[in-house]
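**Student:** I'd like to ask some things about the structure below.
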Amino acid sequence: MSIDDCDVLIVGAGPVGLLLALMLRPKGVNVKIVERQRALYPLPRAVAFDHESRRLFGSLGLTEELNPILEDIMGEGGENGTNYVWRDADLKLIVDLFFEAPTRSGFPLSMGFNQPELEQLLDKTAIQRNIPIMRGYTVSALDQHADSVDVLLEPVTCKQGTTIEERDSPIATKGGEAPHTRRVRASYVVGCDGANSTVRRLQNFSMTNLDFENDWLVADILLRDGYVPPEVRKVGAAQICDPKRPTSCVWGGIGRKRFEFMRLPGESKESLLQDDTMWGLLAPWGFTKDNCDLERKVIYTFRARWVDNFVKGRVTLAGDALHQMPPFMGQGLNSGFRDAAALAWRLPLILSGVANADAVLRSYQEERLDHVSRLTVDCVQLGSVVCETDPIKARQMHEALRKNPPPGFYDPPLGRPGILTAQPEAGHLSLQRELKTGDGQHLFDEVHGYGWMLLNLGDTSAMSQMSDVSCRFFGDVLGGKCVSISPSEDTEGEYRDWFDTHMGLDHVVLIRPDFYVFGHAAVTEVDGLVEDLRRKLSGL
Ligand SMILES: Cc1cc2nc3c(=O)[nH]c(=O)nc-3n(C[C@H](O)[C@H](O)[C@H](O)COP(=O)(O)OP(=O)(O)OC[C@H]3O[C@@H](n4cnc5c(N)ncnc54)[C@H](O)[C@@H]3O)c2cc1C
């Protein structure tokens, strides 16, 4: 049996695995993907794409191709231009959760999208960028050694089923012989193989489960000529907290609407999936067979759980394999993209010997576990208001939420200690705003690019204050850039406000490739800041 070698084997060519591969490749990492399916999953799933994901996709040069598949959803919430609302059974407003304050990333808080279109974009880009994807294989064994992991891949045999497995079939080799078992030796393995992760099972990763599980009938509607019934326009994007039938009515990407109906106690999945039941549930919302088409109906179980220890030796996980959260905040897939971004700068530094593997992989857990568990707990709290089927309890919950509304969506900071200083601004997303340049206004990333950055205000960058040692480490080893923003570029004074409020006008901020702030220091102390980063990466 031949052995393929690679630096990183990614198991699963879903959106998270593909994004991770695309981010690793330009850093010189020999990355391969194994995927059990021969074709992309064609039906809708996640529908919310947030500002941070947008910036990450920008870093891959995909902005132009991404923009046409994103749908503006702000102001979708029916009357008064609300955004994403919780309503009671009488459709009275309980709370509006989206707010239109500018996000740190400079993009709208969230946009609608249709997951298959995003996966097509990622898959096409992976092929164009020569990322090998071994389709039609599943992982059957993982054997960890001191310096590598041996992974056994079995061809997927054709199964009859009613779910994703329908598409499983072995890929034929060139000569037409049956495909055979393959072995891959990788320095690191990342399981991006979804909620039922094989990698997680094979390596015995344990999980914390909040036991918040509900089955929902998900109905994805294709609009005919853009027709949205007045009933839906009136409620907009909403969670209908109706104890008789908890219902979600949200965006679904351009030309689509997504409805979700919770399975009630005692109701069978089979009866809920009946055509008549589903059209009966859609009827009060004005959607009928005569004015729309159904793209998908499926029972989907919302779960709230995460893996306890993110790393086992040379194996780690990302995306749904690592965590699953109910969809009420639209953060499940976006959290997976954050995992990919967090690994995409860590693994190359580990592979090139710049970073200490134990310390830097441990920091993946420290930073991401806190973030993911906070979001999941928030989703459960908000979701429990939606899912309550006892009318008295439901009314009490609505009143409590009305009296004490949550602050709206927010970006939790990364967990500590991580690869961060102890400063309050460390672990928060860095600011991106438009800069005035010779040819108009452009977003910071378009002007200055991506990667490690040392950013300060004024006409001179912090480079002028850096020793040769710092320049070599930050510039040559990390490939970082020093950038300054002058008042004439920062015409709205937004960078000035950010520095003034959170760091200090004479400070330089060190920004990581995943856009999070590592820390900051007076420009004259920039060497100390860079040395602090070097030590943390070295595990000192
Ligand atoms: C049926 C369904 C409906 C969903 N509906 C919603 C929704 O309504 N709203 C929402 O927010 N989210 C929804 N989700 C979740 C959302 O799609 C996920 O958060 C997102 O897809 C996670 O991306 P991922 O790349 O981590 O995992 P996935 O998209 O699950 O991708 C994992 C990939 O790994 C592959 N794989 C699995 N096992 C192996 C193996 N052993 N060997 C090789 N490859 C393997 C799979 O074939 C798949 O391509 C849904 C998911 C599913 C499955």
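The values are calculated or read from the model by the stated rules, or taken from the named source; none is laboratory data. Quick caveat: nothing in here was measured; it's all calculated off a predicted structure. Heads up, the Cβs are rebuilt from the backbone with ideal geometry, glycines too, and the neighbour counts pull from every protein chain shown.
**Student:** Take the stretch 12-46 and flag every residue that is at positive phi and either of a type in the set (D, E, K, R) or within 10 Å of the ligand (Cβ to nearest atom) (or both).
**Tutor:** Across the stretch 12-46, the qualifying residue is only 12.
**Student:** Oh, and also: Among the numbered criteria (1) in contact with a Phe, Trp or Tyr (Cβ under 7 Å, 6 or more places away or on another chain); (2) in the same structural domain as residue 331 (by TED's automatic domain parsing), which one does residue 94 miss?
**Tutor:** (2)
Matching residues to (1) loosely packed, with under 15 Cβ neighbours inside 10 Å; (2) within 24 Å of residue 531 (Cβ to Cβ); (3) among the charged types (D, E, K, R):
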residue: 423; (1), (2), (3): no, yes, no
residue: 426; (1), (2), (3): no, yes, no
residue: 430; (1), (2), (3): no, yes, no
residue: 440; (1), (2), (3): yes, no, no
residue: 443; (1), (2), (3): no, no, no
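**Student:** From (1) modelled with pLDDT of 95 or more; (2) over 26 Å from residue 411 (Cβ atoms); (3) not aromatic (Phe, Trp, Tyr), pick out the condition that doesn't hold for residue 492.
**Tutor:** All conditions pass for residue 492, except number (2).
**Student:** Just to be sure before I move on: is residue 288 farther than 16 Å from residue 44 by Cβ and either within 16 Å of the ligand (Cβ to nearest atom) or surrounded by 23 or more Cβ atoms within 10 Å (Cβ to Cβ) (or both) in the structure I sent?
**Tutor:** So residue 288 does not fit the description; no.
**Student:** Hey, among 220, 215, 276, 225, which residue is among the acidic types (Asp, Glu), over 22 Å from the mean Cα position of the chain (by Cα) and within 16 Å of the ligand (Cβ to nearest atom)?
**Tutor:** The conditions single out 215.
**Student:** Turning to a different aspect of this structure: Between 341, 355, 359, which is part of a loop (DSSP other than H, G, I, E, B) and either touching a Phe, Trp or Tyr at 6+ places or on another chain (Cβ under 7 Å) or among the small types (Gly, Ala, Ser) (or both)?
**Tutor:** Going through 341, 355, 359 in turn, the sole match is 355.
**Student:** Any chance the stretch 333-352 includes a residue that's under 21 Å from residue 50 (Cβ atoms), touching a Cys at 6+ places or on another chain (Cβ under 9 Å), within 16 Å of the ligand (Cβ to nearest atom) and not small (Gly, Ala, Ser)?
**Tutor:** Looking through the stretch 333-352, at least one residue is under 21 Å from residue 50 (Cβ atoms), touching a Cys at 6+ places or on another chain (Cβ under 9 Å), within 16 Å of the ligand (Cβ to nearest atom) and not small (Gly, Ala, Ser).
**Student:** Can you name the strands (runs of 3 or more DSSP E) wholly within the stretch 191-280 that have at least 1 residues being in contact (Cβ under 8 Å) with a residue 40 or more places away in the chain and in contact with a Gly (Cβ under 7 Å, 6 or more places away or on another chain)?
**Tutor:** Those strands (runs of 3 or more DSSP E) span 214-223, 238-241, 247-251, 256-262.
**Student:** Moving to a separate point now. State all residues of the stretch 178-202 that are among the β-branched types (Val, Ile, Thr) and buried (at least 17 other Cβ atoms within 10 Å of the Cβ); if no residue qualifies, say none.
**Tutor:** 184, 189, 190, 198, 199
**Student:** Moving to a separate point now. Does residue 146 count as more than 10 Å from the ligand (Cβ to nearest atom) and either exposed (fewer than 12 other Cβ atoms within 10 Å of the Cβ) or modelled with pLDDT under 95 (or both)?
**Tutor:** Against the criterion (more than 10 Å from the ligand (Cβ to nearest atom) and either exposed (fewer than 12 other Cβ atoms within 10 Å of the Cβ) or modelled with pLDDT under 95 (or both)), residue 146 qualifies.
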